[in-house]
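Below are the structure tokens for one structure; questions will follow.
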Amino acid sequence: MRLLTTAVLSFALLFPASSSKPAASAPAPSDQSIFGFRDAATESSVEAHFLGVPDPKRAEEHLQILTKAPHMAGTIEDKATADYVAQQFRDAGLDTEIVEYKAWINYPAEISLDLTAPAGVEMHGPTREHVDGDPYQDDPRVVMPFSGMSPSGDVEADVVYANYGTPEDFEKLDKLNISVRGKIVLVRYGQNFRGVKVFVAQEHGAAGVILYSDPADDGWRRGDKYPEGPWRPDTGVQRGSVGYMFEFPGDPTTPGIASVPSLPDSQRISPEKSAQVPKIPVTPISYHDAWPILQHLGGPDTPREWQGSLPFTYHVGPGPARIKMHLKQDYQFRTLWDVIGHVKGREAPEEWVIAGNHRDAWVYGAVDPNSGTAAMLEAVRGVGELLKSGWKPKRTIVFASWDGEEEGLMGSTEWVEQHESDLRNSPAYFNMDVAVSGPKFGASAVPSLKQFLRDLTKVVPSPKGGTVYEAWQKSAQPNAPATQSPTEAIGDSRRAPAAQVKSDVPVGDLGSGSDYTAFLQHAGVPSTDVSSSGPYGVYHSAFDDFAWFKKFGDPDFVYEQEMARVFGLEAVRMADADILPYDYEEYGKEVAAYLDAAHRRAVDKFGEHALDFGAVTAAARRFESAGARILAKEKNPPADVARLNAALLAAERSLLVPQGLPRRPWFRHAIYAPGEYTGYAAVVIPGVNEALDQGDSERTRQQLAVLAAALDRAAKTLEGYR
Ligand SMILES: [Zn+2]
């Protein structure tokens, strides 16, 4: 009863009568059912208590402390942030440890680019990142712009401009009879993962790659540049890893095994042999520094859509602009510090509900990732308050602060590889990378958790009035004003458009580009990813700092509060559910939609009857109807739900293919993987779709059989419960 009173009070605070919305639109927690719970009233009161805790002021304090110095993975400043997070976890009552791994990571030692032709053109870059009036930019610990995982190298060659460096862009160069062999390729950021640009350039024989940010993509063409506006200033550079994470993420020397400090060198592969490490040198520059290079390219005009926003006509080259590139990387095995906090479950301690965010940043990382860390710490404080009230979760909750995400999802991948057997019983991994760059809520998830996300946003208030769900619905409408997400704007989208099988707010598919990758795609743990986004042009630059965030990101920290509530509630609700709240019917429908699309592509490529989709379509239908039947039982559960939960838990793992994807054995999920040629964006039913991309009908046939078997296994798992 005490809890119930608290609940009513908290909800009165959460949805004040002064809100522009009529009071009636606020959810009435105690008389609504919650999917997965027999006793919604008790759960509602727990949730209301939790939701009352996250505080904007405290989130601001966390962010200020976390971002007071640059804290790249492996530095002493990174360790200091680990200690801060660990202390916050302990203060909340979590059983906390700092876990170390050793990973092969480069810092830049010497980076120089010079224009050696045409004679007399000045470019002694790269220039320092600088604007008028940013209080953080001059700290000597700001690392010079560089590309993670680039080898060292000295190259002098003519330059060819290759637009975004997609496979199609390189095909267009072939058609123009322009070869990149032996050349330095200049590509702009956007549309795909930077590692893919390098991978494709390497396949085409390029000698080196220069990445730059065009003002068209996240600079002044989009709006005022920092410090007047949120977009990239002339000298701002996007750092980032160019590692081939679509081969495997984590420490490049230990695919599939945990890179613990005691691991003998004999168990590591040499970095030169690692499929994750590019073979050609790569480095990023600003549009200030790209200007003289682009301006001195001859050859044909570029295709119109390749033209960016610098004030002259872009040409393809090669030359006469010629670049001398000198990169000396300082590669070492460096220490990573993951902070792991446990709240032991009272009924099923072996079932870990995990919620994680990375902590390491290229520089200050106010948005990426520490807006997520600050929100996570407020979620942790909320769980701490529940613990003080005597509540204990049914399942174990694990909060994780990952290190080395920027270098290649390292802290999370190594931890997953170390805990693979523990994770067989894990009901969910909830990720949050960038929590806030603006006001627009968005989410991605496996289909079984899409409805779970929609449901829980219905009880979280939005700073805009009403609930997060209502705001999400409004912004998801096709004619809603577009506040494009930062990462969408620069093509680093973690959010592929999902197959719309449900007329509800769209939840995206999980590709790669953040720490859920190892959980879902290697260990088969159902995952979600949430964020709130807006205009954000300082991604991975020195200017992603507290001053930018306070001015443009979330000046009042109310979206930080919102994201702390959403993220924490995911963990609390999943950990306490009587019946695991998965929807396998939606899953089956989505897979069927992916198959329809693949079937159409197969007909286009190979003709009407070349490939038989009969068995795989039947398997998808079987999975869908098994999902529908078990969903009916979840909604009307028997007294003993242990067997029901066991079947639900096992179904996602049944979608793992033990031998992995062709040529990429680390990636084992039959439905989702990052694309070899798209990077962050998801490739759905990757075995089949990538075989189709290659035009390989025999491999497509094999992969259809592998997929059919996985879907049959998942269906059988669900059918096993009667
Ligand atoms: Zn991040």
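Which residue is nearest to D544 (Cα to Cα), if the candidates are limited to the range 441-453 and must be surrounded by 21 or more Cβ atoms within 10 Å (Cβ to Cβ) and over 16 Å from the mean Cα position of the chain (by Cα)?
Of everything passing the filter in the range 441-453, L453 is nearest to D544 (Cα to Cα).
Related question: Go through the residues of the range 260-271 one by one and say whether even a single one is in a helix (DSSP H, G or I) and closer than 18 Å to G195 by Cα.
Scanning the range 260-271 turns up at least one residue that is in a helix (DSSP H, G or I) and closer than 18 Å to G195 by Cα.
Just the residues that are within 16 Å of the ligand (Cβ to nearest atom) and either among the hydrophobic types (A, V, I, L, M, F, W, C) or without any contact (Cβ under 8 Å) to a residue 24 or more places away in the chain (or both), please, taken from the range 346-376. Spell out the reasoning first.
Initial filter on the range 346-376 (within 16 Å of the ligand (Cβ to nearest atom)): 355-376.
The answer is A355, A361, W362, V363, A366, V367, A374, A375, M376.
Just checking, does the range 430-441 include any residue being in contact (Cβ under 8 Å) with a residue 40 or more places away in the chain, more than 14 Å from the ligand (Cβ to nearest atom) and touching a Lys or Arg at 6+ places or on another chain (Cβ under 8 Å)? Steps first, please.
Of the residues in the range 430-441, the ones in contact (Cβ under 8 Å) with a residue 40 or more places away in the chain are 430-441.
Subset that is more than 14 Å from the ligand (Cβ to nearest atom): 430, 438-441.
Applying the additional criterion that residues be touching a Lys or Arg at 6+ places or on another chain (Cβ under 8 Å) yields 439.
Among the residues of the range 430-441, at least one is in contact (Cβ under 8 Å) with a residue 40 or more places away in the chain, more than 14 Å from the ligand (Cβ to nearest atom) and touching a Lys or Arg at 6+ places or on another chain (Cβ under 8 Å), which makes the answer yes.
Scan the range 674-696 residue by residue and report those that are buried (at least 24 other Cβ atoms within 10 Å of the Cβ) and closer than 21 Å to Y164 by Cβ.
Selection gives P674, G679, Y680, A681, A682, V683.
Taking the range 256-294 only, how many residues are without any contact (Cβ under 8 Å) to a residue 24 or more places away in the chain and within 28 Å of T127 (Cα to Cα)?
Count: 1.
For the list (1) assigned to a helix (DSSP H, G or I); (2) within 16 Å of the ligand (Cβ to nearest atom), I need the number of the one condition that W472 fails.
It is condition (2) that W472 fails.
Testing G319 on (1) modelled with pLDDT of 95 or more; (2) more than 16 Å from the ligand (Cβ to nearest atom); (3) at positive phi, one condition comes back false. Which one is that?
(1)
Here's a check for you: in the range 377-406, which residue that is among the acidic types (D, E) and more than 11 Å from the ligand (Cβ to nearest atom) is farthest from T254 (Cα to Cα)? Let's see the steps before the verdict.
At the first step, the residues of the range 377-406 found to be among the acidic types (D, E) are 378, 385, 403, 405-406.
Retained after the next criterion (residues that are more than 11 Å from the ligand (Cβ to nearest atom)): 378, 385, 403.
Working: E378: 34, E385: 40, D403: 16 Å.
Per the criteria, the residue is E385.
Being among the aromatic types (F, W, Y), away from the ligand (no atom under 16 Å from the Cβ) and touching a residue at least 60 places away in the same chain (Cβ under 8 Å) is the requirement here; does W306 meet it? Working first, answer last.
On the way: among the aromatic types (F, W, Y): yes; away from the ligand (no atom under 16 Å from the Cβ): yes; touching a residue at least 60 places away in the same chain (Cβ under 8 Å): yes.
For W306, the condition - among the aromatic types (F, W, Y), away from the ligand (no atom under 16 Å from the Cβ) and touching a residue at least 60 places away in the same chain (Cβ under 8 Å) - is met.
I've got another one for you. I'd like to know if the range 255-276 contains one or more residues that are touching a Gly at 6+ places or on another chain (Cβ under 7 Å) and surrounded by fewer than 20 Cβ atoms within 10 Å (Cβ to Cβ).
No: zero hits.
Quick test for you: out of S266, S241, pick the one residue that is of a type in the set (G, A, S) and more than 24 Å from P284 (Cα to Cα). Walk me through how you get there before you give the answer.
Details: S241 fails: more than 24 Å from P284 (Cα to Cα).
Of the residues listed, the single one that is of a type in the set (G, A, S) and more than 24 Å from P284 (Cα to Cα) is S266.
From D31, D55, which residue is modelled with pLDDT under 95, among the acidic types (D, E) and more than 30 Å from Y107 (Cα to Cα)? Spell out the reasoning first.
Values: D55 fails: modelled with pLDDT under 95.
Only one candidate passes the filter, namely D31.
Conditions tested, residue by residue: (1) at pLDDT 95 or above; (2) closer than 20 Å to I34 by Cα.
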site	(1), (2)
D422	yes, no
A428	yes, yes
D433	yes, no
P447	yes, yes
A482	no, no
V530	yes, no
Y536	yes, no
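R334 - would you say it is at pLDDT 95 or above, of a type outside the set (G, A, S) and within 16 Å of the ligand (Cβ to nearest atom)? Talk me through it step by step, then tell me what you get.
Values: at pLDDT 95 or above: yes; of a type outside the set (G, A, S): yes; within 16 Å of the ligand (Cβ to nearest atom): no.
Taking the combined requirement at face value, the residue does not satisfy it.
Scan the range 356-402 residue by residue and report those that are β-branched (V, I, T) and touching a Pro at 6+ places or on another chain (Cβ under 6 Å). Let's see the steps before the verdict.
To start, the set of residues in the range 356-402 that are β-branched (V, I, T) comprises 363, 367, 373, 380, 383, 396-398.
Result: V363, T396.
Quick one: would you say L409 is surrounded by 22 or more Cβ atoms within 10 Å (Cβ to Cβ), away from the ligand (no atom under 15 Å from the Cβ) and either polar (S, T, N, Q) or at pLDDT 95 or above (or both)? Before you say what the answer is, go through the steps one by one.
Working: surrounded by 22 or more Cβ atoms within 10 Å (Cβ to Cβ): yes; away from the ligand (no atom under 15 Å from the Cβ): no; either polar (S, T, N, Q) or at pLDDT 95 or above (or both): yes.
Spelling it out, it is not the case that L409 is surrounded by 22 or more Cβ atoms within 10 Å (Cβ to Cβ), away from the ligand (no atom under 15 Å from the Cβ) and either polar (S, T, N, Q) or at pLDDT 95 or above (or both).
What tally of residues in the range 701-722 results from selecting those that are modelled with pLDDT under 95 and either surrounded by 16 or more Cβ atoms within 10 Å (Cβ to Cβ) or in contact with a Phe, Trp or Tyr (Cβ under 9 Å, 6 or more places away or on another chain) (or both)? Give the derivation first.
Within the range 701-722, the subset modelled with pLDDT under 95 is 720-722.
If we keep only those that are either surrounded by 16 or more Cβ atoms within 10 Å (Cβ to Cβ) or in contact with a Phe, Trp or Tyr (Cβ under 9 Å, 6 or more places away or on another chain) (or both) as well, we get 721.
Adding up the residues that qualify gives 1.
Can you tell me which residues in the range 503-547 are of a type outside the set (S, T, Y), surrounded by 24 or more Cβ atoms within 10 Å (Cβ to Cβ) and over 17 Å from the mean Cα position of the chain (by Cα)?
G537, V538, A542, F543, D544, D545
Restricting to the range 122-138, count the residues that are part of a loop (DSSP other than H, G, I, E, B) and either basic (K, R) or surrounded by 15 or more Cβ atoms within 10 Å (Cβ to Cβ) (or both). Can you show your working first?
Of the range 122-138, the ones part of a loop (DSSP other than H, G, I, E, B) are 122-123, 126-138.
Narrowing further to those that are either basic (K, R) or surrounded by 15 or more Cβ atoms within 10 Å (Cβ to Cβ) (or both): 123, 126-131, 134, 136-137.
So the answer is 10.
If you go through the range 502-519 one residue at a time, do you hit one that is more than 14 Å from the ligand (Cβ to nearest atom), part of a helix (DSSP H, G or I) and at pLDDT 95 or above?
yes
The values are calculated or read from the model by the stated rules, or taken from the named source; none is laboratory data. Please read these numbers as outputs of a predicted model, since none were measured by experiment. We place every Cβ from the backbone using ideal geometry, glycine too, and count neighbours over all the protein chains shown.
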